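All remarks here apply to the structure that follows.
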Amino acid sequence: MGAAEFELGLDTFGDVTLDGEGRAKPSAQVIRDVVEQAVVADSLGLDYFGVGEHHRDDFAISSPDMVLAAIAGQTRRIRLGSAVTVLSSDDPIRVFQRFSTLDAVSSGRAEVTLGRGSFTESFPLFGLDLAQYEELFEEKLELFAELLKQGPVSWSGKTRPALTEQMVYPHVESGTLKSWVAVGGSPQSVVRAAHYGMPLMLAIIGGEPLQFAPFTELYHRALKEFGQPERPIGVHSPGHIAETDEQAMEELWPHYAAMHNSIGRDRGWPPLTRLQFNATASPKGALMVGSPETVARKITTVAKALGLSRFDMKYSHGTLPHEAMLRSIELYGTQVAPLVRENLRKG
């Protein structure tokens, strides 16, 4: 993909932020803030706005498609999708129907990113067995791929009732709903995306992004072996932008650490140290934090090395204030995006 076509997007999980007195904002206000953030992103000409799904008290959004529908009514050109939709604990037919409806109300701007999710709260919430973690995703993705053909669907599996010549409505007006498969660190998931001919979204939230090059190479090989045409590859990574590197680091550190440690208590992680944070924010690390020039340079490096078509910055980080996120979005749209495209044009 050429520099002019390279897409730059934003992702958020609707992280619960703090008000001016240091208290957690109500989820309703956080959701309204996310809509405002999306409207700003659209006004700046950014390409994509993704909303994640969680079922925890530190993230406000459990129904991304509802929030995206609200955003659709206040925006004009930005593409709208999930980051991600936890397909394993949802019904593929309902997911398709919700996003085909979103596509209609947004005049063709809907996308969906399908994943297993790194959080598992939705499984007990909806009465699903974590022992079927892999099987649920495999079967439901298989069914979703059939739904994308928009013809009569016949399908059977172990995790939901079978379908026989079943039509599912509404149809997508253009005939195609762009559907990505999100992948963390599993080669099997890369091959699965290629098997269904779906674009690949790499979630790179730690380590060094260039270490994912074998995944993109595997994806290209698998597409050829399955007789599929070339598909886009995107990356989702965390980031924060301010006027200088130092300002961006100091603004982000306490909120990023608090978020990491909150999740880590559930997963048995040790507390995040400043040394670890600095390493993740280093030129080779996954955290896109710094001045516009620094962030643009890092995105360009990753885009070239991995052959990307899109980069999505996850700009929300725990209790990072709404105002700081708005400034980060503004700098991303007005300075980072033009710099990345210029860097890619130069080769």
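(1) at pLDDT 95 or above; (2) over 14 Å from I241 (Cβ atoms): which one isn't true of A324, the others all being true?
Going through (1) at pLDDT 95 or above; (2) over 14 Å from I241 (Cβ atoms) one by one, A324 breaks only (2).
Check S100 against each of (1) under 25 Å from L163 (Cβ atoms); (2) crowded, with 24+ Cβ neighbours inside 10 Å and name the one condition it does not meet.
(2)
Among the residues in segment 76-85, are any under 14 Å from the mean Cα position of the chain (by Cα) and basic (K, R)?
yes
Out of V172, V168, which single residue is within 20 Å of I93 (Cβ to Cβ), touching a Leu at 6+ places or on another chain (Cβ under 7 Å) and part of a loop (DSSP other than H, G, I, E, B)?
V168
Could you tell me whether A286 is crowded, with 22+ Cβ neighbours inside 10 Å and more than 21 Å from the chain's Cα centre (by Cα)?
Values: crowded, with 22+ Cβ neighbours inside 10 Å: yes; more than 21 Å from the chain's Cα centre (by Cα): no.
Here the answer is no, as A286 does not meet what is asked.
So, S100, is that one in a strand (DSSP E or B) and at pLDDT 95 or above or not?
Working: in a strand (DSSP E or B): no; at pLDDT 95 or above: yes.
Taking the combined requirement at face value, the residue does not satisfy it.
Name the single residue that is nearest to E53 (Cα to Cα) among those in segment 103-130 being within 19 Å of the chain's Cα centre (by Cα) and in a helix (DSSP H, G or I).
So the residue we want is S122.
Would you pick out the residues in segment 107-134 that are acidic (D, E) and either more than 22 Å from D58 (Cα to Cα) or surrounded by fewer than 12 Cβ atoms within 10 Å (Cβ to Cβ) (or both)?
Listed by number, the residues that qualify are E111, D129, E134.
Residues that are of a type in the set (K, R), touching a Leu at 6+ places or on another chain (Cβ under 9 Å) and at pLDDT below 95: list the strands (runs of 3 or more DSSP E) wholly contained in segment 218-314 that include at least 3 such residues.
Passing ranges: none, list empty.
The values are calculated or read from the model by the stated rules, or taken from the named source; none is laboratory data. Only a predicted model underlies this, so the values are computations on that prediction, with no experimental measurement involved. Backbone-built Cβ (ideal geometry, glycine too); neighbour counts: all protein chains shown.
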